[in-house]
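Comments concern the structure below.
Rule-based calculations on the coordinates, nothing more; no lab input. Just so we're clear, the structure is a prediction, and the values are computed from it rather than from any experiment. Reconstructed Cβ throughout: ideal geometry from the backbone, glycine too, with neighbour counts over all protein chains shown.
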Amino acid sequence: MIWWQWCALGALLLAAELAVDAAFYLVFLGISAIAVGLIGLTPIALPMWGQWLVFSLISVTALLLFRSRIYNKIRGQTPDIKQGVAGETATVNELIAPGATGSATLRGAVWQVRNIGTEPLTAGSRAVVEDSKGLTLSIRAEQ
């Protein structure tokens, strides 16, 4: 391929990374293609198979050495998103005996709860959510 074709391919790969989140793989392929195009501007004449070999070597080397480090630096460390209500504290609305069900308020909403602890929960007391099954929360007295 002619040098400008490699540069055009590199530009297309870089643009494709903007359109699709390819986890930074297309960036390194695009940079590799541009590098092969720039080599084509030098007096070094590579046959077609040599151009593809250089492209492959640059791509694989760059991906292995740099992609994860640069991608993590640019993307940043995203915190884990906690899902569910396990571990949160609810306020009991009524007396709930061990093993019985009742209601409690959590996040401003009233939930059906089951007391999985060994002691009764009194109205107004606080309880920790251990698990949720459907719309029923399993709670026990806060220590």
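Could you run the Karplus curve 6.51 cos²θ - 1.76 cosθ + 1.60 with θ = phi - 60° over the range 50-58 and give me ³J(HN,Hα) per residue in whole Hz, x for Gly and Pro?
Ordered by residue, 3J(HN,Hα) equals x, 4, 5, 5, 5, 4, 5, 5, 5 Hz.
Determine the calculated [θ] at 222 nm for the chain from helices alone, applying -39500 (n - 2.57) to every DSSP H run no shorter than 4 residues and normalising by the residue count; nearest 500 deg cm²/dmol. Please list the in-between numbers first.
Working: 4 runs with 56 residues, N = 143.
When only DSSP H runs of four or more count, the value is -12500 deg cm²/dmol.
If I stretch the segment between Leu46 and Leu64 completely, what's the gain in nm (0.36 nm per residue apart, minus their alpha carbon distance), one decimal?
Net length gain for the segment: 4.0 nm.
Mind listing the long-range amide H neighbours of Ser132? Cut-off is under 5 Å, sequence gap 5 or more, other chains count too, H placed in the peptide plane at 1.01 Å from N.
Amide H neighbours of Ser132, under 5 Å, 5+ apart: Ser138.
The chain: longest stretch without exposed trypsin sites (Lys or Arg not before Pro) (DSSP loop, at most 13 other Cβ within 10 Å), sites themselves excluded?
Free of exposed loop sites, the longest segment is 1-81.
Would you mind checking which residues have amide H under 5 Å from Glu142's amide H? H placed 1.01 Å from N; only 5 or more apart, or other chain.
Correct list: Arg126, Ala127, Val128.
Quick check on the range 1-83: what are the equivalent-ellipsoid semi-axes from the Cα gyration tensor, as sqrt(5λ), descending, whole Å?
Working from the Cα gyration tensor, I get semi-axes of 31, 13, 9 Å.
Using the Karplus equation 6.51 cos²θ - 1.76 cosθ + 1.60 (θ = phi - 60°), what ³J(HN,Hα) coupling, rounded to whole Hz, does each residue of the range 27-35 give in order, writing x for Gly and Pro?
So the Karplus estimates, Gly and Pro as x, are 4, 6, 5, x, 4, 5, 5, 5, 4 Hz.
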